[in-house]
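Engineer: Can you read through this structure? Questions will come right after.
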Amino acid sequence: MGTPFVKKLEQEFKDGFFSTDSGDLATYGRDWTKVHTPSPLVICFPESTDDVSRLLKICSENGVAVVPSGGRTGLAGGAVAANGECVVSLSKMRKIGAFDPLALTLQVDAGVVTEAVHEHLKPEGLTWPIDFASKGSSTVGGNIATNAGGVKVIRYGLTRNWVLGLTVVLMSGEVLRLNGSLEKNNTGVDLRQLFIGTEGIFGMITEAILKLAPLPKESDVFFFALPGLGPVFDLFSEARKSGFVLNAFECLSNECLEVVLRNRGFTSPFREAHHYYVLMEIERPERADGREGLEAWLAGLFENGRVEDAVLAQSPKEAQSLWAMREGISESLSALGMLHKHDISLPIHRLKEFIETWTRDLSENYPGLKPFIFGHIGDGNLHVNLLKPAPMDASEFKAACAKADAKMFGWIQEFEGSVSAEHGIGLLKKHLLAYTRTESEIGIMRKMKSVLDPRGLMNPGKIL
């Protein structure tokens, strides 16, 4: 049955190792973008690094391209298989291995779901501090391959900070075991970093040794109402200087809050609408003088006019409700209709200038396009969204967005920002890479690709 390649898989692997079922091809051939029509040749389900090594060697010998597949929660088309590729799903590689209580490390397969790692570590009072809305679906390998961020980057940094060792399989089938569980290893190029954040174009991550952190202490969640954009950044500056441990600092415009309230049926924490809101989470001070200091700091915010109103969650349930108002924005916007969105980042000190420049241009030149702004102000990451007005047809909306984008990406380049903060480049943003990376940088990436994957068979067409 099938092609010579598929027949080779039948000979080399046990029953159930692969599928050519049309439903599986459609499911495993795409990610959350759902832009490209999936058209993979076959879906394979290895159970070990050895399986992956044998499979990639066969793919290489037969000239079959490979697309690594984890939780497929990406938003840049990085896990799309649209040209007859072999999708390598790690859904059967979910072993949680050795935990080292002295070194505070955990060995896992790359297919382990992020939330499963969190639950596994809870009894130990530890966590792998990579946290975001899709943690119940995303996998460790995907998190590493995209250098995932999330809502607590301001405290913990990106995924690459929490990976000690990697096992990677190259397209040739060669297995690289990089760094192990060493904290220090100053012996030349750190090859781990070639595979973190590069979306699987150099090799396929199959195992990892994760660096762990203590579970966060109890936290306080505040929802602030502010009179404008300037006060948002004033509040951030004050929070940075306060001496409190800042877990998250999230911003959303009133337009975003209104959409979430309407879509989710929530009630606003405030009696009146305000221009901007900030959700801030801090580690709760344990000492009495720390709590008194927090109360004095909050009182000062009102006295100097930094904030107009504020709510403090009185229970974990209330904290969850406040977080839901921030985390429900993307889904709520998508429910309204046709949406044009970007995930960008700017140096924090240029964020205010960028937002004001972008929104002023939209108002003056594209009055029909309504902006929705939210994001992780604490790490410079903005999510900018444009919603198609009801009277405007789709082609007109796309044309207007393209014109507005050209200016926006010009400002991002001028302000030394990035066209993709955390979603990656994948298929969807390849044409934008030059706004963020120089010709020399892109040239070096191409040379690295040619060394590690000379035939261009590993996740082809992504990034480059």
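Read-outs throughout are calculated quantities, based only on the coordinates presented, and are distinct from any laboratory measurement. Note that the structure is predicted; figures quoted are calculated from it, not measured. Virtual Cβ from ideal backbone geometry, glycine too; neighbours counted across all protein chains shown.
Engineer: Can you check how the C-alpha radius of gyration of the chain compares to 2.2 N^0.38 Å, as a plain ratio? Present the calculation step by step, with values, prior to reporting the outcome.
Structural biologist: Working: Rg = 23.4 Å, N = 464, 2.2 N^0.38 = 22.7 Å.
Computed over Cα atoms of the chain, the ratio equals 1.03.
Engineer: Right, something else. Apply the Karplus parameterisation 6.51 cos²θ - 1.76 cosθ + 1.60, with θ equal to phi minus 60°, to every residue of the range 430-443 and state each ³J(HN,Hα) to the nearest whole Hz, in sequence, with x for glycine and proline.
Structural biologist: Using θ = phi - 60°, the values come out as 4, 6, 9, 4, 5, 6, 10, 10, 6, 4, 5, 4, 5, x Hz.
Engineer: What is the local net charge at ARG306, summed over the other residues whose Cβ is closer than 10 Å to its Cβ (Lys, Arg +1; Asp, Glu -1)? Working shown, then result.
Structural biologist: Details: positive: none; negative: ASP234, GLU238, GLU303, GLU308.
Result for the local shell: -4.
Engineer: Please compute, for the alpha-carbon atoms of the range 1-157, the extent along each of the three principal axes and give them in descending order in Å.
Structural biologist: The Cα atoms of the range 1-157 stretch 52, 34, 23 Å along their principal axes.
Engineer: Counting only other residues whose beta carbon sits under 9 Å from that of GLU218, what net charge do I get with K and R as +1, D and E as -1? Please report the intermediate quantities before stating the final value.
Structural biologist: Numbers: positive: LYS217, ARG284; negative: ASP220, GLU283, GLU286.
Residues near GLU218 contribute -1 overall.
Engineer: Starting from the Cα gyration tensor of the range 337-423, take the square roots of the eigenvalues, sort them a ≥ b ≥ c, and report rounded, prolate or oblate (rounded when a/c is under 1.5, otherwise prolate if a/b is larger than b/c, else oblate).
Structural biologist: prolate
Engineer: Using alpha carbon coordinates only, what is the Rg to Rh ratio of the range 83-139, with Rh defined as the Kirkwood radius? List each step's numbers first, then the result.
Structural biologist: On the way: Rg = 13.3 Å, Rh = 12.5 Å.
Ratio of gyration radius to Kirkwood radius: 1.06.
Engineer: Follow-up question, since we're still on this one. Under 17 Å from the Cα of LYS92, which lysines turn up, not counting those fewer than eight places away in the same chain?
Structural biologist: Partners within reach: LYS14.
Engineer: Quick check on the range 219-329: what are the equivalent-ellipsoid semi-axes from the Cα gyration tensor, as sqrt(5λ), descending, whole Å? The partial results should precede the final answer.
Structural biologist: Numbers: eigenvalues 104, 54, 26 Å².
Equivalent ellipsoid of the range 219-329: 23, 16, 11 Å, largest first.
Engineer: Output ³J(HN,Hα) for the range 210-218: one whole-Hz value per residue in order, computed from phi by the Karplus curve 6.51 cos²θ - 1.76 cosθ + 1.60 with θ = phi - 60°, and x for Gly and Pro.
Structural biologist: For the range 210-218, the Karplus-derived couplings read 8, 8, 10, 9, x, 4, x, 6, 4 Hz, x marking Gly and Pro.
Engineer: For the chain, what proportion of DSSP beta bridges, expressed in % and rounded to the nearest 5, is antiparallel? Please list the in-between numbers first.
Structural biologist: Details: 59 of 67 bridges.
Of those bridges, close to 90 percent are antiparallel.
Engineer: Report the convex hull volume per residue for the range 109-207, counting only C-alpha atoms, in Å³.
Structural biologist: On the way: hull volume 10.8 nm³, N = 99.
Residue-normalised Cα hull volume stands at 109 Å³.
Engineer: Using 0.36 nm per residue of separation minus the Cα-Cα distance, give me the extension gain between LYS14 and GLU327 in nm, one decimal.
Structural biologist: Values: separation 313, 0.36 × 313 = 112.68 nm, distance 4.25 nm.
Here the segment from LYS14 to GLU327 would lengthen by 108.4 nm.
Engineer: Sticking to Cα atoms, compute the Rg of the range 209-276 to one decimal and its Dmax as the biggest Cα-Cα distance, whole number, in Å.
Structural biologist: For the range 209-276, the Cα-based Rg and Dmax read 15.4, 49 Å.
Engineer: List, in the order given, every pair from LYS211/LYS352; LYS135/LYS447; LYS8/LYS57; LYS8/LYS449 whose Cα-Cα distance in the structure shown is over 23 Å. Walk me through the intermediate numbers first.
Structural biologist: Working: LYS211/LYS352 35 Å; LYS135/LYS447 34 Å; LYS8/LYS57 12 Å; LYS8/LYS449 27 Å.
Listed pairs above 23 Å: LYS211/LYS352; LYS135/LYS447; LYS8/LYS449.
Engineer: Consider all pairwise Cα distances in the range 292-444 and report the whole-number % of them above 28 Å. Don't skip to the answer; put the middle values down first.
Structural biologist: Details: 3902 of 11628 pairs.
Pairs farther apart than 28 Å: 34 percent.
Engineer: What are the ³J(HN,Hα) values, in whole Hz, obtained from phi via the Karplus relation 6.51 cos²θ - 1.76 cosθ + 1.60 with θ = phi - 60°, for each residue of the range 181-198 in sequence order, with x given for Gly and Pro?
Structural biologist: Once θ is set to phi - 60°, the couplings for the range 181-198 become 10, 6, 7, 10, 7, 8, 10, x, 4, 7, 5, 3, 5, 5, 10, 9, x, 10 Hz.
Engineer: By how many degrees, 0 to 90 and rounded to 10, does the Cα axis of helix 49-62 deviate from the longest principal axis of the chain?
Structural biologist: Helix 49-62 sits roughly 70 degrees off the main axis of the chain.
Engineer: Loop only per DSSP, at most 12 neighbouring Cβ atoms within 10 Å: give me the GluC sites (Glu not before Pro) in the range 334-439, ordered by residue number. Intermediate values should be presented prior to the final figure.
Structural biologist: Values: sites: GLU353, GLU356, GLU364, GLU396, GLU414, GLU416, GLU422, GLU439; in loops: GLU416, GLU422.
Those satisfying the criteria are GLU416.
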